[in-house]
Each structure stands twice: as C-alpha cells, then as structure tokens.
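Have a look at the structure below, then the notes.
The values are calculated or read from the model by the stated rules, or taken from the named source; none is laboratory data. This one's a predicted model, so the numbers in the text were calculated from it and none came from an experiment. Quick reminder, even Gly has a Cβ in these numbers, built from the backbone with ideal geometry, and neighbours come from all protein chains shown. All accessible areas refer to the heavy atoms of the entire protein, side chains included, with ligands and DNA or RNA removed. Shrake-Rupley method; radii C 1.70, N 1.55, O 1.52, S 1.80 Å.
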Amino acid sequence: MELNKDINIMLSGMINDENDTQEYLSLLSQEEEEEINKEILPESLPILPLRNMVLFPGMVIPITVGRDKSINLIKDAHKGSKIVGVVAQKDANIEDPTTNDLYEIGTVANIMKMLRMPDGSTTVIIQGKKRFQLAEFIQTEPYFVANIKALSEEPFHKSENSTALISSIKDLAEQIINISPQIPSEASIALKNIESPRFLLNFITSNLNIELKAKQELLELSDFTSKGNKVLEHLSKELQLLQLKNQIQTKVKGDLDKQQREYFLQQQIRAIQEELGGDSPERDIDNFLKQGEEKNWNTDVFEAYKKEVDRLRRMNPMAPDYSVQHNYLQLLLELPWNDYTKDNFDLKNAKKILDQDHFGLEKVKERILEYLAVLKLKGDMKSPILCLFGPPGVGKTSLGKSIAKALDRKYARIALGGLHDESEIRGHRRTYIGAMPGRIIQNLKKVKSNNPVFVLDEIDKISRDFRGDPSSALLEVLDPEQNNTFHDNFVEIDYDLSNVMFIATANTLDTIQPALLDRMEIIEINGYTLEEKTQIATKYLLPKQLENHGLKPKDLTIKNDAIEKIIENYTRESGVRGLDKQIAQIVRYVAKEKVMNNIKQLAITPELVSKILGVEKIDKETYADNSNAGVVTGLAWTSVGGEILFIESSLTPGTGKLTLTGKLGEVMKESAITALTFIKAHAAELKIDTKLFEKYDVHIHVPAGAVPKDGPSAGVTILTSLASLFTQRKVKAQLAMTGEITLRGKVLPIGGVKEKILAAKRAGITEILLPESNRKDVEDIAKNYTKNLKFKYVNDMLSVVKHSILKEKVANPIF
C-alpha cells in the first residue's frame, strides 16, 4: 500500500490558489456518497483512456496528459461540463488504443484543476464520482465519445459481519502504514477520518500496491462484502511481504554492522600481533607463497596452489571460510606430491627380511621379489595391487609391514571393516562444515612419502548405506589405469597413486564387489599344518612373547609335544592368533614363578600345559568308526579353516518321507534331495529293493545342530550315507570325502581343498575322495601337506559308491 507523494505535494500547493480547494481535500462521508450516487449522468460522455491507473469513486488523482486525443478531450471538457468518463487501458504499452483495448467499466470523473507544467505538459486533477459501463462508442475522432450506462451501488447494510470486516481492513491498513517507511504518517489520520465504508474500500484499493488487472477487478465488484474480502486478502499479502522485507533489511543491517565491527577488531588484533611479533594474515600468505616455491611438485599443481593462495588473500580473515581455506593450503603443502623413498633393490636382503618375519607364505614372497626384480631392471613400474585372501590369523596384515621393511618403504594401513561412508575414501567437499580429506590422502600426509606400502585391511567387510558405497569409490583407487589421477573431493586436484603399493586383505571373496575383485591380484594364503604351527610357535611366537614379558630364552624351555598339545587341545583355527594368546598365558605364568618363587628356569611339559591353561577347551577331531550303516565322514570349509563333518542317516518304518535336521541351508538340503533321487533312479545298479523307498522314512542329520551349515560340497558324503543305509553295508574305513553332485550323476569340483586336507590330517584320516577336477589343486599343494595321505579322484557318482561302500554288511542289519 503506497500513497502517491505527488498528490500530497500538489494538493498542499493548491490550498491558497482557490477558495474551493478545501472541497478537493475533504474525505467523502456516507451522505455525500449517497448524493453522488443519486446524480443523473448524461447519456454519453467523452472517454479518457488511462495507462497504469484505475480511478475509483471519491478518489482525487493527478494525471499527466500527453496524447493529442487526450489533450483535446481535456480542453473541451474543461470548457464545458468538466465531466469525463475515465477507463483503464488493458495494455499500457499501446500508444493509440482502440475501443477493444479498453475495459468496459470505468468511473465518471470531475475535472477539478488543469495546470500547465514548466516542461510544457498538461497535468489535470480529477475526482472519481460514479461507476459506469460502456454501452456503445459513437465517436472515435478527435477523441472517444460513448453512450454509457450508470452502475448503481448496492446499499450498505450495517451488521456484525460488515463491522468486523471494516475493522479488520482498518487494522491491517494501520499496520502497513506503521511499518512502511514510504507511507507518510498523515495517511493514518486520513484513514481514521473516513466515515463511508464504501469510500474506505475505494481509498485503500486505490493505494494498494497490486497489478492494474487486480484493481480493475475490484472496481467492477458491486457487492460490498465480496469487495471487502478481496481487499482484505490483498492487504494480508502486502503486510506479509512488508514484514518479510523488514526482517531481511534488519538482518542485512545487523550482518553489515557485525562485519564492520569484526573488521575494526581484526585491524586492532593485527596491530597487536605485529607489536608482539606474531604472524599477520599478510605474513601468513607470504609464508604460503615462499613454502610453495620451495615445494617439490608439478607445475599444474603449483599453479592451482597459487590461485588458492590468491583466493585466501581476498578473504576477510574473520570470515568462517578463511580457516577452511587456510587448512586446505596447509594440507597441499604437507602432501608428498613428488617425495619418494628410495627402494632397496637387494633381493637377497628382502627375502631374508620376509623369511625372518613370516613362516611359509611362499607365493606372496615370490611375488614381491618378482616386483623388485622388474623395478630394478626397468627403473619405473606401476606398483602391483595385491589381495591376500585367507582365514584369520595367518599373517596377512602383518605381512604388509614386512613388505614395507623389505622394500625400505613407509607403511600405512586403513581398517576398512564396517566402513559405510564413501567420503571416508574420497573425502568431503570443502563446502561442508568440518570437511576433511579421505583416509587415502590423510595417510599419505602422515607417512610423508608418495610410494608407501598401503594395507587396505578387511576389504571384504565394507558395508554400504544411503551415504554411498565405499567399495565403488575404491574402484578408482585400485585401478592402475586410473589411480594416477585420483580425485579427492577435499583436495580437488588430481593426485598420483600409481607408485603406491596397495595390499588388500580379506577372509572371503564372496562379499567383495566383482568389479573391485577384478582389479586386484588374488593370492590365497591357506591355513597352517600342525608341523608348521609348531615351527611358527618355536621360531616366532615364543621369542616375541618372551621379549614382551621381559624374559630371556634361558628362562623357559618348551618341547614340541607341549606345543602340539596347545595346538590340538586349546585352539581350533587355521592361523596362529589363538596359539599366540595361549603361549602368552604360559609366558606370564613363567614370569610369575620367576618373581614369586625365584625359579631360574622352567621346562614346559604337556602336563604343565594342562595345569597352566586348565581344562582342554577343544575336543580333537577324530575319525568315527564304520560300524554303523549311514555314517560317513565329510570335509567342510569354514572361515577359520577346514573341519571334518559327519553325515548320519537312519531308516524308520513309514511312507518314504525325507527329513533333514542339523540347521542345514537350502543348498545342502537340495544336495540331499538330489542324492536320494539318484539312489532311487539307480536302485537296480546299486542292488537296492525299490519297495524300501515306500516302506521306510529317511532321516538325515548333521551333528552340531546349533551351527548353520550350507554349501554343495557335502553332496558325495550324503550320497554315500544313503547308499550305505539302503544297502546296510559298511563304508570304507579311514575315508573322508567332499564333492558336489548332480542329477546326471556327475561329481563337480569344490573349493578350500588345502584346508580340508589339513582337517583330514588332524582327524587321522588316511584316504580322501575328491572330484577329478580337483586333482590339479592337490598337485599344487606342497608335499608336506599331503604326506601319508592317499587320494582317490572320481568323475561320477556311481564311482563314489563303488569305491566307498564295502561288500561287508554291518552288524545287525535291519533288512
């Protein structure tokens, strides 16, 4: 709502011109308005088009007349009756409007004053009287003349609703006048002195800051309530807009005042710092430029760095972004862009270091020595990206340290277990509060070398959620063709990771994204045999624990049979982590005895092991005899190594129903159904009476019922169990087996062969039945693993039954 200041100025200047000026300034009362409504209008009137303006009854407005038609009209009317019809143009841009360019409803106006302005233009002051509707144009030259129809105003009926409506409109208008700096305070006085409710609406509508079309719609409304509600709606919107503008202006003013205050304070702080000898922002920037020139980095990186320093120079030191930019530049300086450690190309020394720290692991050691040899010959080579895959406790993570030591490189490690945020790898954008670079960049900054050995620990245990998929972010890190331009969101400058030797570790490959798996060179690290664990305990674990507990080698002697007892009765694992804990407990016992009882040397025997470690925690896996039909020894792979698995089956009178127990997975259940179907289909070849399948129910059980079991490798074991059950013949003694079966009678290859062989050796098995396709896996295993073991390779399921089932019946057969 805005009052035209030009009206006030003009009207105030006219007060002394003519005696009747007071009439112009008076506000219409309800009686005066009714008298105007009773006035009879002429049948035709000259029509004056107005641009960007709507005249309401009772309102006094000045207009500047510029068009020839309008000037002629005003002159003629001023000489005559001084009555004209005022109509708004639909489009204000039309210079010479036609009859179709005008609204149909307008206001009869009385010419109150005509003035010649100093610039030669004519200004006319007119007052609206009454609304009319155009009927027919009877003249277009030299100006419009039209027959008109007078529009009567509905009489105002005072009621509670109308009184409340007028009060609401006045309240809103008062609020707008009070908070708007552009509206003079006199408007409030004028508003209070208006007696006529209809003139009140016209007065407020005329001064509303709304579009011409909306004002025209309000002019055309004759119903008081409808018009009042519409005005109230426009006032509410304008009040909200004004309040919002005031809030914004207040906030901006407050922010500017705060910035000004901070600026003066900063100037004072700077002066104090200079007096005390501290670094001012200018000195900081000079230091950044000086350090940047001394830094060993590429030209494009240096150019980007200088741009960022210039950006810091333009910032207000008190702005929140200043510290972020300062930390960013500090990070760029601390990153080892072209800083490398020199590799030690002495292959014999590298092999010696690797052998000192780890027993076995020949494939990994061989691969590292190959890389060193090629690097020595070529001088420049992309680092390999290895993935060490195997059960826990076999030395995968610690091997990374040994490799760094052998190469004379720095060592860095990231624990990826449970990582679920992509920003941990790629970093956060600097626009976020508390943003920081990803762990790759952070560790490079920490080791201060661009070619460290970088261990990505537990890469198989990365998770994903709504914050992103870290394994997908690692695709760029672990791709030799891409990681020379690694992009961290915080650094925002491509970083070369091609010289970093990445070594990932995993316990299983099943949970690793296929695309990520394809980028790595997989090296399987298998579990250790009893003999290997004994060697590791003697050469590595015991000396380490003696040193950790302040003992010397002479304080403790331990025989192999005592170590073997610890391995077999107190640990069940493929690695040696549990064995290390048990040895630590024995060493602590020796340390206590030495201090308390002053014992010079203590010999650890199997009996003393039982006393120190307590009751045996693990029952040794042993082969079960073949006296019962349907009991067969299988081989299984677990995350902690291989184990033997017993399959038990029995018959009970019934209708041929199959029951499976032992917390079996879907794949294992399907293997049991496949085996039973094959037995039924080949009953004649196996010399089984087909009536047995209808007379007996079959129950297959796998012991350790609380432990989930799944996988296809128990297929041949279940087949052999069912064949022994339906023939009531014994299974070959000291035999264990593993292999997947099909309905066609084929035996398919399985995985985890080495772990399963170790489990068979621990259980005293002498013969292992394997699929023919796994022969190559056995041949690839070192001879000390397969010593004293006999292997039988099969291609089909009938061969399995033929080799494993004896002709001898069990004692007390059921049929």
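Here are some conditions: (1) at pLDDT below 85; (2) closer than 26 Å to ASP96 by Cα; (3) touching a Phe, Trp or Tyr at 6+ places or on another chain (Cβ under 9 Å). ALA190 meets all but one. Which one does it not meet?
Only one criterion in (1) at pLDDT below 85; (2) closer than 26 Å to ASP96 by Cα; (3) touching a Phe, Trp or Tyr at 6+ places or on another chain (Cβ under 9 Å) is unmet by ALA190, namely (2).
Could you check segment 150-167 and list, in sequence order, the residues that are surrounded by 13 or more Cβ atoms within 10 Å (Cβ to Cβ) and under 30 Å from ASP76 (Cβ atoms)?
Filtering segment 150-167 down to residues surrounded by 13 or more Cβ atoms within 10 Å (Cβ to Cβ) leaves 150-151, 153, 156, 162, 165-166.
Hits for segment 150-167 are ALA150, LEU151, GLU153.
Would you call SER383 part of a loop (DSSP other than H, G, I, E, B) and among the small types (Gly, Ala, Ser)? Quick ask: steps written out before the conclusion?
Working: part of a loop (DSSP other than H, G, I, E, B): yes; among the small types (Gly, Ala, Ser): yes.
Against the criterion (part of a loop (DSSP other than H, G, I, E, B) and among the small types (Gly, Ala, Ser)), SER383 qualifies.
Within segment 361-380, work out how many residues are in contact (Cβ under 8 Å) with a residue 24 or more places away in the chain, assigned to a loop (DSSP other than H, G, I, E, B) and small (Gly, Ala, Ser).
So the count comes out to 0.
Looking at segment 187-201, which of its residues are closer than 27 Å to LYS130 by Cβ and part of a helix (DSSP H, G or I)?
Within segment 187-201, ALA187, ILE189, ALA190, LEU191, LYS192, ASN193, PRO197, ARG198, PHE199, LEU200, LEU201 qualify.
Considering only residues that are in contact with a Leu (Cβ under 6 Å, 6 or more places away or on another chain) and hydroxyl-bearing (Ser, Thr, Tyr), look in segment 113-156 and name the one that is nearest to LYS227 (Cα to Cα).
Filtering segment 113-156 for residues that are in contact with a Leu (Cβ under 6 Å, 6 or more places away or on another chain) and hydroxyl-bearing (Ser, Thr, Tyr), the one nearest to LYS227 (Cα to Cα) comes out as THR123.
With respect to ASP286, determine if the residue is open to solvent by 60 Å² or more (accessible area, probe 1.4 Å), more than 23 Å from LYS258 (Cβ to Cβ), at pLDDT 80 or above and assigned to a helix (DSSP H, G or I). Explain how you work it out, then say what you get.
Working: open to solvent by 60 Å² or more (accessible area, probe 1.4 Å): yes; more than 23 Å from LYS258 (Cβ to Cβ): yes; at pLDDT 80 or above: no; assigned to a helix (DSSP H, G or I): yes.
Considered against the rule, which asks whether it is open to solvent by 60 Å² or more (accessible area, probe 1.4 Å), more than 23 Å from LYS258 (Cβ to Cβ), at pLDDT 80 or above and assigned to a helix (DSSP H, G or I), ASP286 comes out as no.
Restricting to segment 494-519, name every residue that is among the β-branched types (Val, Ile, Thr), within 25 Å of the chain's Cα centre (by Cα) and buried (at least 21 other Cβ atoms within 10 Å of the Cβ). Give the steps one after another, and end with the answer.
The initial filter retains those residues of segment 494-519 that are among the β-branched types (Val, Ile, Thr), namely 500, 503, 505, 508, 511-512.
Next, from what is left, pick out any that are within 25 Å of the chain's Cα centre (by Cα): 505, 511-512.
Of everything in segment 494-519, those that are among the β-branched types (Val, Ile, Thr), within 25 Å of the chain's Cα centre (by Cα) and buried (at least 21 other Cβ atoms within 10 Å of the Cβ) turn out to be THR505, ILE512.
Any residue that is at pLDDT 90 or above and surrounded by fewer than 14 Cβ atoms within 10 Å (Cβ to Cβ) - is there at least one of those in segment 719-728? Steps first, answer last, please.
Initial filter on segment 719-728 (at pLDDT 90 or above): 719-728.
After this cut, where a residue has to be surrounded by fewer than 14 Cβ atoms within 10 Å (Cβ to Cβ) as well, the list is none.
No: zero hits.
Taking segment 127-149 only, how many residues are open to solvent by 50 Å² or more (accessible area, probe 1.4 Å) and either closer than 21 Å to GLY58 by Cα or hydrophobic (A, V, I, L, M, F, W, C) (or both)?
Here the count works out to 5.
When the residues of segment 246-280 are narrowed to those that are open to solvent by 100 Å² or more (accessible area, probe 1.4 Å) and under 30 Å from LEU172 (Cβ atoms), which ends up modelled with the highest pLDDT?
Only one residue fits best here, namely GLN247.
Does at least one position in segment 477-493 carry a residue that is assigned to a loop (DSSP other than H, G, I, E, B) and free of Cβ contacts under 8 Å to residues at least 40 places away in the same chain? Even if it seems obvious, please write down each step before you answer.
So in segment 477-493, the residues assigned to a loop (DSSP other than H, G, I, E, B) come out as 478-482, 487-493.
Within this subset, residues satisfying the condition of being free of Cβ contacts under 8 Å to residues at least 40 places away in the same chain are 481-482.
Among the residues of segment 477-493, at least one is assigned to a loop (DSSP other than H, G, I, E, B) and free of Cβ contacts under 8 Å to residues at least 40 places away in the same chain, which makes the answer yes.
Of the residues in segment 738-796, how many are of a type in the set (Phe, Trp, Tyr), modelled with pLDDT of 90 or more and open to solvent by less than 30 Å² (accessible area, probe 1.4 Å)? Before you say what the answer is, go through the steps one by one.
Step one: list which residues in segment 738-796 are of a type in the set (Phe, Trp, Tyr), which gives 785, 791, 793.
With modelled with pLDDT of 90 or more added as a condition, the list becomes 791, 793.
Applying the additional criterion that residues be open to solvent by less than 30 Å² (accessible area, probe 1.4 Å) yields none.
Result for segment 738-796: 0.
Please go through segment 655-673 and pick out each residue that is assigned to a helix (DSSP H, G or I) and open to solvent by 30 Å² or more (accessible area, probe 1.4 Å). Outline the logic, then answer.
First, pick out the residues of segment 655-673 that are assigned to a helix (DSSP H, G or I): 666-673.
Across segment 655-673, the qualifying residues are GLU666, VAL667, LYS669, GLU670, ILE673.
In a loop (DSSP other than H, G, I, E, B), under 12 Å from ILE425 (Cβ atoms) and touching a strand residue (DSSP E or B) at 6+ places or on another chain (Cβ under 8 Å): does that describe LEU497?
Working: in a loop (DSSP other than H, G, I, E, B): yes; under 12 Å from ILE425 (Cβ atoms): yes; touching a strand residue (DSSP E or B) at 6+ places or on another chain (Cβ under 8 Å): yes.
Answer is yes for this residue.
Could you identify the single residue in LYS376, LYS396, LYS405, LYS363 that is in contact with a Leu (Cβ under 6 Å, 6 or more places away or on another chain) and open to solvent by 10 Å² or more (accessible area, probe 1.4 Å)? Talk me through it step by step, then tell me what you get.
Values: LYS376 fails: in contact with a Leu (Cβ under 6 Å, 6 or more places away or on another chain); LYS405 fails: in contact with a Leu (Cβ under 6 Å, 6 or more places away or on another chain); LYS363 fails: in contact with a Leu (Cβ under 6 Å, 6 or more places away or on another chain).
Exactly one residue qualifies, and that residue is LYS396.
Is it the case, given these coordinates, that ILE462 is of a type in the set (A, V, I, L, M, F, W, C), touching a His at 6+ places or on another chain (Cβ under 8 Å) and more than 30 Å from THR299 (Cβ to Cβ)?
yes
Could you tell me which residue of segment 428-458 is most open to solvent (accessible area, probe 1.4 Å), considering only residues that are under 20 Å from ALA504 (Cβ atoms) and part of a loop (DSSP other than H, G, I, E, B)?
The qualifying residue most open to solvent (accessible area, probe 1.4 Å) is GLU458.
From the list LEU208, LEU219, which one is assigned to a helix (DSSP H, G or I) and either in contact with an Asp or Glu (Cβ under 8 Å, 6 or more places away or on another chain) or surrounded by 20 or more Cβ atoms within 10 Å (Cβ to Cβ) (or both)?
Matching residue, one of LEU208, LEU219: LEU219.
Quick test of your reading of the structure: ASN526 fulfils all but one of (1) under 30 Å from PRO384 (Cβ atoms); (2) in a helix (DSSP H, G or I). Name the failing condition by number.
Answer for ASN526: the failing condition is (2).
For segment 577-613, name all the residues that are closer than 18 Å to ASN560 by Cβ and hydroxyl-bearing (Ser, Thr, Tyr).
Within segment 577-613, THR605, SER610 meet the criteria.
Of all residues in segment 379-393, which are within 27 Å of GLN482 (Cβ to Cβ), modelled with pLDDT under 85 and open to solvent by less than 20 Å² (accessible area, probe 1.4 Å)?
Of everything in segment 379-393, those that are within 27 Å of GLN482 (Cβ to Cβ), modelled with pLDDT under 85 and open to solvent by less than 20 Å² (accessible area, probe 1.4 Å) turn out to be SER383, PRO384, ILE385, LEU386.
If you scan segment 545-602, which residues turn out to be touching a strand residue (DSSP E or B) at 6+ places or on another chain (Cβ under 9 Å) and assigned to a loop (DSSP other than H, G, I, E, B)?
Hits for segment 545-602 are LYS559, ARG572, GLU573, SER574, GLY575, GLN601.
Could you please find all residues in segment 557-578 being in contact with a Ser or Thr (Cβ under 7 Å, 6 or more places away or on another chain) and in contact (Cβ under 8 Å) with a residue 60 or more places away in the chain?
Correct list: GLY578 only.
Can you name the residue in segment 463-479 that is closer than 27 Å to ASN526 by Cα and open to solvent by 30 Å² or more (accessible area, probe 1.4 Å) and is also modelled with the highest pLDDT among such residues?
In this case the residue turns out to be LEU475.
Could you list all residues from segment 168-181 that are outside any helix (DSSP H, G or I) and open to solvent by less than 80 Å² (accessible area, probe 1.4 Å)? Break it down stepwise before answering.
Looking only at segment 168-181, we keep the residues that are outside any helix (DSSP H, G or I), and these are 180-181.
Matches in segment 168-181: SER180 only.
Tell me which of these ALA706 doesn't satisfy, since it passes every other one: (1) small (Gly, Ala, Ser); (2) under 18 Å from SER799 (Cβ atoms); (3) out of contact with any Ser or Thr (no Cβ under 9 Å at 6 or more places or on another chain).
Condition (2) is where ALA706 drops out.
Would you check if LEU542 is of a type in the set (A, V, I, L, M, F, W, C), out of contact with any Asp or Glu (no Cβ under 7 Å at 6 or more places or on another chain), open to solvent by less than 20 Å² (accessible area, probe 1.4 Å) and assigned to a helix (DSSP H, G or I)?
Details: of a type in the set (A, V, I, L, M, F, W, C): yes; out of contact with any Asp or Glu (no Cβ under 7 Å at 6 or more places or on another chain): yes; open to solvent by less than 20 Å² (accessible area, probe 1.4 Å): no; assigned to a helix (DSSP H, G or I): yes.
No: the conditions fail for LEU542.
Quick one: VAL595 ticks every box in (1) surrounded by fewer than 17 Cβ atoms within 10 Å (Cβ to Cβ); (2) in contact (Cβ under 8 Å) with a residue 12 or more places away in the chain; (3) β-branched (Val, Ile, Thr) bar one, so which box is it?
(2)
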